[in-house]
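K.L.:
This is the structure I have questions about; it appears just below.
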Amino acid sequence: MKIKEFSAYLPRPATLKVKKELSELVTLFEFENDSGRPLMHKPGQFIMLSVYGVGEAPFSVSSAPIRESNNFELAVRKIGAVTGIMHDLKVGDKVGIRGPYGSFFPIQKFVGQDTLFIAGGLGYIPLRSLLHYQLKHRDEFGRIILLVGTRNPKERIFIDQLAELASGKDVEVLETVDVPDETWKGHCGVITTLIPKVRIDPDKTNVAMVGPPIMYKFCLGECLKIGIPSNRIYVSLERKMKCGLGKCGHCQINHLNACIEGPVFQYNQIESVEEAI
Ligand SMILES: Cc1cc2nc3c(=O)[nH]c(=O)nc-3n(C[C@H](O)[C@H](O)[C@H](O)COP(=O)(O)OP(=O)(O)OC[C@H]3O[C@@H](n4cnc5c(N)ncnc54)[C@H](O)[C@@H]3O)c2cc1C
Ligand code: FES
């Protein structure tokens, strides 16, 4: 049988170039596309990554889109079959990738405006792509405010990068942990408690928010309370995914396919959709 030269279901090979532990369970992976072409993703999009002989899983691209580079970064938490084997990969090993897929943060609408990033736990991974894009084009954007919340200090990720951002002038960084330990000298409490601490202009601020479902319930209310309209709030919703192409229905949120219409949604699109948040 003749195999079609291109199929949306056919993974393309990529090679692991760099692997760096971010926390006990989360590792940063830098891959290079064997095709020699850049990934051409937009911030907020995801790829399907396959470990040959094991399976395939969706991951947000964590690096900024860079047209001049064939490399891209993922940050992955070890949780099951695919993510477990990924953590055993060695530099030089091959994986398969499909995509990028899904909706994204509409960068052009953020130009000239302030951005309030709200990152809960692993939610920082997809937001980092948008944040790094804005930092590369710093003059085009207004204030950048980054709120980061983690369950406890041991689960914090990208610690060095956050410290570097906090010591610079480009980003206003506020971080909290739910439950401190003896090493933690910073703010304590859930991420919602940081929102009233930042003075924002609701008419020129867009919110990019990614985190666990429980975080959305409280943070969305808090953002609306300080006057940010729902069409200026963007969230990313994770659902189980198989095809990434709107064919299998695994990722459905009511009538929406999270892999096509999402994962990034403008909050006013899903405000009244049952089971979305
Ligand atoms: C659009 C999108 C983007 C994503 N981006 C990232 C990312 O950047 N980094 C990252 O680490 N993960 C990300 N995920 C989650 C990631 O896809 C899953 O963790 C992965 O599919 C698990 O695959 P596995 O084969 O290792 O686990 P499996 O063997 O399939 O599952 C093992 C067990 O873990 C449970 N489980 C699976 N996924 C999750 C989950 N997310 N939370 C809690 N329990 C779970 C399963 O129900 C099962 O009980 C993303 C998911 C989506 C939909
Ligand atoms: S993952 Fe198959 S329809 Fe979305």
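The values are calculated or read from the model by the stated rules, or taken from the named source; none is laboratory data. It should be emphasised that the depicted structure is a prediction, and the values quoted were computed from it without experimental measurement. FYI the Cβ positions are ideal-geometry reconstructions off the backbone, even for glycines, and counts take in every protein chain you see.
K.L.:
Which residue, of R12, R67, R77, R37, is among the basic types (K, R) and under 17 Å from K242 (Cα atoms)? Can you show your working first?
P.N.:
Numbers: R67 fails: under 17 Å from K242 (Cα atoms); R77 fails: under 17 Å from K242 (Cα atoms); R37 fails: under 17 Å from K242 (Cα atoms).
Answer to the check: R12.
K.L.:
Which condition breaks for I118 when tested against (1) assigned by TED's automatic domain parsing to the domain that holds I159; (2) assigned to a strand (DSSP E or B); (3) within 16 Å of V18 (Cβ to Cβ)?
P.N.:
(3)
K.L.:
State all residues of the stretch 86-105 that are in a loop (DSSP other than H, G, I, E, B) and more than 16 Å from A75 (Cα to Cα); if no residue qualifies, say none. Even if it seems obvious, please write down each step before you answer.
P.N.:
Kept after step one, since they are in a loop (DSSP other than H, G, I, E, B), are these residues of the stretch 86-105: 87-93, 102-105.
Correct list: G92, D93, G102, S103, F104, F105.
K.L.:
If C259 satisfies every condition in (1) in contact with a Phe, Trp or Tyr (Cβ under 7 Å, 6 or more places away or on another chain); (2) surrounded by fewer than 15 Cβ atoms within 10 Å (Cβ to Cβ) but one, which is the exception?
P.N.:
(2)
K.L.:
Looking at (1) more than 16 Å from ligand 2 (Cβ to nearest atom); (2) under 22 Å from F104 (Cα atoms); (3) acidic (D, E), which one does D201 not meet, given that it meets all the others?
P.N.:
(2)
K.L.:
Return the residues of the stretch 235-260 that are within 14 Å of ligand 1 (Cβ to nearest atom), out of contact with any Leu (no Cβ under 8 Å at 6 or more places or on another chain) and more than 23 Å from S50 (Cα to Cα); say none if nothing qualifies.
P.N.:
Across the stretch 235-260, the qualifying residue is only L256.
K.L.:
Which pairs have Cβ atoms under 8 Å, sit 6 or more apart or on different chains, and link a residue in the stretch 101-121 that is more than 22 Å from V173 (Cα to Cα) to one that is of a type in the set (K, R)?
P.N.:
Listed by first residue and then by second, the contacts come to F104/K42.
K.L.:
Oh, and also: Which condition does I277 not pass, out of (1) within 16 Å of ligand 2 (Cβ to nearest atom); (2) touching a residue at least 60 places away in the same chain (Cβ under 8 Å); (3) among the hydrophobic types (A, V, I, L, M, F, W, C), if it passes all the others?
P.N.:
Unmet condition: (1).
K.L.:
Please find, within the stretch 227-259, the residue that is farthest from ligand 2 (Cβ to nearest atom) out of those that are part of a helix (DSSP H, G or I) and in contact with a strand residue (DSSP E or B) (Cβ under 7 Å, 6 or more places away or on another chain). Talk me through it step by step, then tell me what you get.
P.N.:
Going residue by residue through the stretch 227-259, those that are part of a helix (DSSP H, G or I) are 230-232.
Next, only the ones that are in contact with a strand residue (DSSP E or B) (Cβ under 7 Å, 6 or more places away or on another chain) stay: 231-232.
On the way: N231: 25, R232: 27 Å.
Once the filter is applied, the top-ranked residue is R232.
K.L.:
Six or more apart or on different chains, Cβ atoms under 6 Å: show the pairs whose first residue is in the stretch 23-49 and under 24 Å from I118 (Cβ atoms) and assigned to a loop (DSSP other than H, G, I, E, B) and whose second is at pLDDT below 95 and not polar (S, T, N, Q).
P.N.:
Listed pairs, sorted by first residue: H41/P65.
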